[in-house]
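Before any comments, here is the structure.
The values are calculated or read from the model by the stated rules, or taken from the named source; none is laboratory data. Quick caveat, the model's predicted, so the values are computed rather than measured. In this analysis, Cβ positions are derived from the backbone assuming ideal geometry, glycine residues included, and neighbour counts consider all displayed protein chains.
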Amino acid sequence: MNSAAGLPSPPGRGAGGEGRGQKLALSPEMLAFARDLRANQTTAETLLWNLLRSRRFFGLKFRRQHSVPPYILDFYCDELNVAAELDGGQHNDDAEACRDGQRTAWLANRGITVIRYWNNDVMLRTESVLEDLMERLELDLRPSPDAVASTSPGGRGK
């Protein structure tokens, strides 16, 4: 609530977290880590953020380096419960790919769909990445009860 006027806070301000409307308390370490990630984005993250920020992508509100303890999501749209994750070459490693799968499953159990893209694709095929993201989000926006969002990392190298 806006204590000065007794009005509710504007949408998108301080209402993150699993409880939708409940602000989760973050450990000081996680808060510092999220701030560090925001301050030291990769080139691909900077490019995609400039395209998603300020409701530039179909009027959807995205947050960058959004905390969903114990994870920090690269980009998150609360309206659709969708996370866009950018992966560098280290995600080719089998152990890292396994961790990514576990993380995706954990988030899916909390209703968050994860869409993954390679950093290289964001840099070299930006338009294709945006088209793919648009198509995937349209699946979430369809009114049909049969529409199911994919949680597979199908965006990788596509």
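With the structure loaded, tell me whether residue 60 is in contact with a Cys (Cβ under 7 Å, 6 or more places away or on another chain) and closer than 16 Å to residue 136 by Cα or whether it fails that test. Answer is yes for this residue. Among the residues making up the stretch 59-110, those that are part of a loop (DSSP other than H, G, I, E, B), over 19 Å from residue 36 (Cβ atoms) and not aromatic (Phe, Trp, Tyr) are 59, 60, 61, 78, 79, 80, 81, 93, 109, 110. Scanning the stretch 31-58 for residues that are free of Cβ contacts under 8 Å to residues at least 40 places away in the same chain and outside any helix (DSSP H, G or I) yields 40, 41, 56. Scanning the stretch 8-57 for residues being closer than 19 Å to residue 107 by Cβ, in contact with a strand residue (DSSP E or B) (Cβ under 8 Å, 6 or more places away or on another chain) and at pLDDT below 50 gives a total of 3.
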